[in-house]
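Visitor: Before anything else, here's the structure in question.
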């Protein structure tokens, strides 16, 4: 048995043992435990527009509150994969490839949309600018599988809901935490509730966070790529009376990293020029990177005399990326295709509105009606310079998404519930722009020669939905089975090139159980997905530009299990997933992994040698896809953690905690090369020791405790890879007031 298989077997055995023990053991919690309240508290989720008990919702969900996020060392979106089965979040540069059960995003093209919908305070998030650190969060909910009714488009893989803490009337609570660790890691976070009157309350929160670069650049510019400087602030205002509530939130985040820190992927064109040092860089261009995000939301709730609720969520977002990058990631000479610099700018503005009419949950038949509108305006400017020859890529897109949806739940009797939901979605995208070469070079037009027209239009109407049958065997056991359909919009590459929407049918059954007087909770789910029209970047030899195509279909099936328990001072949790996915093969494509970067031009006429960027001979790089697993989808993944609370005296506790997570191997490209296209499996261990006294706490923490060296990401259209962060050891201090 290999080392990786032993780890997977151990993790699976640990989780399965915990679940089976919970399901079949007859131990009863002690009277002392019950008096001390050492049973699990109820988890309330709100992703379905109602406040519901997690164990009563017939969806595979991982829900984490603020204390659990801290305990599991989850400080940003990418960290969630260490605490959530079947979730894979891969660093892909300008975007993150977020996938659940092998479905999500496998392209960083501005024409692509997300397949896992991420929401912040009820607002759908564009795929850019999602690296922001978490602060003052109330909780996170990860819904696995397509959410085609209430979420609609962009939810073929699932949805992630991030909810910040809101102001409350008469709530003056607040906190301050500060930390320092290796690589000059620092953090400061604070929040405070401010009651203004009997009907008005305010909450303010903010943070700063940063660390030195983990890398050393031996190039002429001594870049500090990967150095983090991040700050953010949020203000919330609540007005509330007996039947009406208005909640407004405004938040701003500013993150600077000194540029992307990556190295050429082994087996690619510039791999021989990779520095020998593991965290070594060798750039021959200056680098910088900045992300800014403004997110504003307004939620209005009106409760009528019959307890029907009218809810409105309005939002405006403005997100920007500015980046200077050394695309080849080396100091290779221009004569070999090196010295490729990128000046990247992207801005996305989003306006959205959702209306809900929600019936009382206590009725035998309860329902939700809704309407949705979203408008996105996207402006991208990429100025590429390859050995002194400029290429400008200038697309501008506009997208409009509208939807009407309804979901109804009907109690057939005391045990069986039927749930039906449907959604009509309409999507329209238009765009202008082009690819221009030779700007400022004698013999070319002043603004460059247009070699590719990026204008286009696309529209579609799609029906999605879900049918559930739920069986409440008793108060503590829920069994469910359902069929659900989700979709992700299509789009265009140019006037002559469009791609269809992705769709997925999900057939799923599950069991949720609460055992031993609330000391243990379990979730088990089995699923089968029929996945159509997989969208992926394929290089078009006629233009030399990459564009999205529907290249194949897939089948995905698997199992997931989660467990959480608490006995006295001992608390544990774990999750494991097995995903068996298969993308069909047989599609011809240009293998871009061994190609030099930069704009190479269209296919050269027969007998003409390559002369980038005017033309290039792609024939030696042609290939045909073979069947393989879905991209960014590990077969096995899982996590397990445990902690114990030692009572030192009536005011003081000491809590040690240990977390372990495993992510199996994943492929990032359809070539399925074990050298250039595979992210190797890795496991991470984090630990913390917390001393609590009254409202004060001091903590010693460590992430990546074994200093695992692993690849955290590679973009499907790139020849570079991002390395995972090294071990971090530090201290944190905090006070609640």
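The values are calculated or read from the model by the stated rules, or taken from the named source; none is laboratory data. If you're wondering where the values come from, they're calculated on a predicted model, not measured in any experiment. Note that each Cβ is placed from the backbone with ideal geometry, even for glycine, and that neighbours are counted across all protein chains shown.
Visitor: Suppose we filter 574, 607, 598, 585 for residues that are more than 30 Å from residue 517 (Cα to Cα) and either in a strand (DSSP E or B) or free of Cβ contacts under 8 Å to residues at least 12 places away in the same chain (or both); which single one remains?
Guide: It is 607.
Visitor: Six or more apart or on different chains, Cβ atoms under 7 Å: show the pairs whose first residue is in the stretch 309-335 and under 30 Å from residue 279 (Cα atoms) and whose second is in a helix (DSSP H, G or I).
Guide: Qualifying pairs under 7 Å: 330/273; 331/273; 332/273.
Visitor: Going by the structure shown, is residue 403 part of a strand (DSSP E or B), within 26 Å of the chain's Cα centre (by Cα) and surrounded by fewer than 18 Cβ atoms within 10 Å (Cβ to Cβ)?
Guide: Values: part of a strand (DSSP E or B): yes; within 26 Å of the chain's Cα centre (by Cα): yes; surrounded by fewer than 18 Cβ atoms within 10 Å (Cβ to Cβ): no.
Taking the combined requirement at face value, the residue does not satisfy it.
Visitor: Also, I was wondering about something else. Taking the residues in the stretch 610-623 that are crowded, with 17+ Cβ neighbours inside 10 Å and outside any loop (DSSP other than H, G, I, E, B) as candidates, determine which candidate is modelled with the lowest pLDDT.
Guide: Out of the qualifying residues, it is 615.
Visitor: Give 138, 58, 63, 117 a once-over and let me know the one that is in contact (Cβ under 8 Å) with a residue 40 or more places away in the chain, assigned to a strand (DSSP E or B), over 15 Å from the mean Cα position of the chain (by Cα) and at negative phi. Reasoning before the result, please.
Guide: Numbers: 58 fails: assigned to a strand (DSSP E or B); 63 fails: over 15 Å from the mean Cα position of the chain (by Cα); 117 fails: over 15 Å from the mean Cα position of the chain (by Cα).
Just one listed residue meets the conditions, 138.
Visitor: Being within 18 Å of residue 185 (Cβ to Cβ) and either assigned to a loop (DSSP other than H, G, I, E, B) or touching a strand residue (DSSP E or B) at 6+ places or on another chain (Cβ under 7 Å) (or both) narrows it down to one of 729, 675, so name that one.
Guide: Values: 675 fails: within 18 Å of residue 185 (Cβ to Cβ).
Sole residue among the options that is within 18 Å of residue 185 (Cβ to Cβ) and either assigned to a loop (DSSP other than H, G, I, E, B) or touching a strand residue (DSSP E or B) at 6+ places or on another chain (Cβ under 7 Å) (or both): 729.
Visitor: Is it the case that residue 543 is crowded, with 18+ Cβ neighbours inside 10 Å and in a loop (DSSP other than H, G, I, E, B)? Working first, answer last.
Guide: Numbers: crowded, with 18+ Cβ neighbours inside 10 Å: yes; in a loop (DSSP other than H, G, I, E, B): yes.
Answer is yes for this residue.
Visitor: Also, quick follow-up: Restrict the check to the stretch 41-55 and report whether at least one residue is within 20 Å of residue 162 (Cα to Cα), at pLDDT 85 or above and assigned to a helix (DSSP H, G or I).
Guide: Yes, that holds for at least one residue.
Visitor: I've got another one for you. Since residue 165 meets every condition but one in (1) free of Cβ contacts under 8 Å to residues at least 60 places away in the same chain; (2) touching a helix residue (DSSP H, G or I) at 6+ places or on another chain (Cβ under 8 Å), which condition does it not meet?
Guide: Here residue 165 clears every test but (1).
Visitor: Quick test for you: out of 97, 88, pick the one residue that is at pLDDT 90 or above, in contact with a strand residue (DSSP E or B) (Cβ under 9 Å, 6 or more places away or on another chain), in a strand (DSSP E or B) and within 22 Å of residue 636 (Cβ to Cβ). Outline the logic, then answer.
Guide: On the way: 97 fails: at pLDDT 90 or above.
After applying the criteria, what remains is 88.
Visitor: All but one of (1) in contact (Cβ under 8 Å) with a residue 40 or more places away in the chain; (2) in a strand (DSSP E or B); (3) farther than 30 Å from residue 566 by Cα hold for residue 483, so report the exception by its number.
Guide: The single condition residue 483 does not satisfy is (1).
Visitor: Working only within the stretch 149-180, note down all residues that are assigned to a strand (DSSP E or B) and surrounded by fewer than 24 Cβ atoms within 10 Å (Cβ to Cβ). Spell out how you get there, then give the answer.
Guide: Kept after step one, since they are assigned to a strand (DSSP E or B), are these residues of the stretch 149-180: 158-164, 174-180.
Within the stretch 149-180, 161, 162, 163, 164, 174, 175, 176, 177, 178, 179, 180 meet the criteria.
Visitor: Taking the condition of being touching a strand residue (DSSP E or B) at 6+ places or on another chain (Cβ under 7 Å) and more than 13 Å from residue 146 (Cα to Cα), how many residues in the stretch 464-509 meet it? Break it down stepwise before answering.
Guide: Restricting attention to the stretch 464-509, the residues satisfying the condition of being touching a strand residue (DSSP E or B) at 6+ places or on another chain (Cβ under 7 Å) are 464-473, 476-495, 497-509.
Within this subset, residues satisfying the condition of being more than 13 Å from residue 146 (Cα to Cα) are 468-473, 476-481, 489-495, 497-501, 509.
Residues in the stretch 464-509 being touching a strand residue (DSSP E or B) at 6+ places or on another chain (Cβ under 7 Å) and more than 13 Å from residue 146 (Cα to Cα): 25 in total.
Visitor: Quick check on the stretch 440-447. Is at least one of its residues modelled with pLDDT under 95 and crowded, with 18+ Cβ neighbours inside 10 Å? Walk me through how you get there before you give the answer.
Guide: Looking only at the stretch 440-447, we keep the residues that are modelled with pLDDT under 95, and these are 440-447.
With the extra rule that they be crowded, with 18+ Cβ neighbours inside 10 Å, the set shrinks to none.
The answer is no, given that none of the residues of the stretch 440-447 is modelled with pLDDT under 95 and crowded, with 18+ Cβ neighbours inside 10 Å.
Visitor: If you go through the stretch 341-357 one residue at a time, do you hit one that is at pLDDT below 95, crowded, with 21+ Cβ neighbours inside 10 Å and more than 27 Å from the chain's Cα centre (by Cα)?
Guide: Yes, the stretch 341-357 contains at least one residue that is at pLDDT below 95, crowded, with 21+ Cβ neighbours inside 10 Å and more than 27 Å from the chain's Cα centre (by Cα).
Visitor: Can you tell me which residue in the stretch 456-471 is nearest to residue 427 (Cα to Cα), limited to those that are buried (at least 16 other Cβ atoms within 10 Å of the Cβ) and within 27 Å of the chain's Cα centre (by Cα)?
Guide: The selected residue is 460.
Visitor: Out of everything in the stretch 414-431 that is over 19 Å from residue 489 (Cβ atoms) and modelled with pLDDT of 95 or more, what residue ends up being surrounded by the most Cβ atoms within 10 Å (Cβ to Cβ)? Write out each step before concluding.
Guide: Applying the first criterion (over 19 Å from residue 489 (Cβ atoms)) to the stretch 414-431 yields 414-421.
If we keep only those that are modelled with pLDDT of 95 or more too, we end up with 415-421.
Working: 415: 12, 416: 12, 417: 20, 418: 14, 419: 18, 420: 15, 421: 23.
Among those that are over 19 Å from residue 489 (Cβ atoms) and modelled with pLDDT of 95 or more, it is 421.
Visitor: Please enumerate the residues belonging to the stretch 681-723 that are in contact with a strand residue (DSSP E or B) (Cβ under 7 Å, 6 or more places away or on another chain), surrounded by fewer than 18 Cβ atoms within 10 Å (Cβ to Cβ) and not in a strand (DSSP E or B).
Guide: Listed by number, the residues that qualify are 695, 705, 706, 708, 710.
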